[in-house]
Amino acid sequence: MLIKKIFVLTLCLFYSTLVVAKDGYTINFAPLPTKSSSQNVKDFLPINQFLKEKLSLHINYVYKKDYQDILDGFKDGTIDMAYLGPLPFISLRKDYKHAEPIVTFKQSDGSSKYRCVLAKFKNDIFTKDKKIKVALTQPLSTCGYLMTNILLKDKFNLDLKNQKYKYKMSHTNALISVVKGEFLLAGAKKSIASKFKTLGMEIIAQSKLLPGFSLVVNTKTLTKKQILKIQESLLSVSQSEYKKWGGISSNGLVKAHLNDYDSLNVDFKIPKKGNLK
């Protein structure tokens with residue numbers, strides 16, 4: 001009888017251990033490739049800590065040099081979740097249908113959408129008589145070649161391919177290069193460009209509202225149950241709690257939907273390199 005009780009107790013402990021092992025898991029997460037590792041940790045630390053306490057979920061940061069490396073990581077199964085803007089996500093979905101957005105980060109105005117802009121130093125003269133020099137973020141950045149070209153065509157009847165342009169690998173780098181006088185225009189996210197107004201920058205064109213940055217999961221490496229738990233947990237947080245978190249999550253999150261991206265028509269013929277040495 002005693003042996004039987006010991007066997008049952010051992011069995012219960014064994015299964016309880018399995019449950020803990022199943023609930024506690026690690027996911028490979030790719031933050032923005034345009035920020036330093038320390039800034040990315042700072043940005044996502046509140047979310048990381050929350051998911052760890054709520055779901056026993058541990059986040060392993062996977063740093064990539066550019067967006068294409070992140071997309072490749074989804075496809076080869078080494079990335080489970082990433083923080084992506086609309087163009088990288090649409091580019092990923094074109095070839096890999098196992099990517100799904102689960103939550104979108106709100107802007108300071110409470111909207112989950114944002115705008116791309118063209119910015120220049122206010123004392124610089126913008127003339128179409130000669131080729132202009134344009135600073136861009138990354139090839140797969142929404143505010144990079146894609147929206148900069150659209151804004152130049154719509155507002156100034158200029159084609160970016162006929163101008164001089166170079167990828168500076170981040171919104172901030174592109175804007176700084178204009179402040180330094182190295183370029184005439186920069187394409188960037190409006191919220192970032194607005195911070196440079198005190199340095200003499202002015203916005204001369206802005207895009208329509210675009211789908212915001214989202215957490216995108218790999219449905220081939222994560223189960224439906226895991227994904228749903230992550231999504232529901234993040235959406236259960238109150239607005240006051242988001243504000244305490246600060247950083248990119250301080251304005252809150254909303255549920256993401258695939259049809260949020262339907263309004264963005266993308267020409268994937270985007271040069272991978274600039275035409276300026």
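Just so you know, all these numbers are worked out from the coordinates, no wet-lab data involved. Since we're looking at a predicted model, the values are computed, not measured. All Cβ positions, even for glycine, are placed from backbone atoms using ideal geometry, and neighbour counts span all protein chains on display.
Annotations for the structure displayed:
- For the chain, a Gaussian network of Cα nodes joined below 10 Å ranks 148, 26, 104 by mean-square fluctuation, and the top entry is 26.
- DSSP-defined beta bridges in the chain - what % are antiparallel, rounded to 5: 65
- Top of 260, 109, 72 by mean-square fluctuation, Gaussian network on the chain, Cα under 10 Å: 109
- Once backbone amide H atoms are built at 1.01 Å from N, residue 103 has 215, 256 as its partners under 5 Å, excluding neighbours fewer than 5 places away on the same chain.
- Cα gyration tensor, the chain - rounded (a/c under 1.5), prolate or oblate: prolate
- The distance between label points at residue 153 and residue 235 comes to 3.6 nm (points 7 Å beyond Cα on the Cα→Cβ vector).
- Within a Gaussian network of the chain (alpha carbon springs, distance under 10 Å), most fluctuating of 207, 250, 236: 236
- Per-residue ellipticity at 222 nm computed for the chain from its helices equals -11500 deg cm²/dmol, with DSSP H segments shorter than 4 residues left out and the rest contributing -39,500 (n - 2.57).
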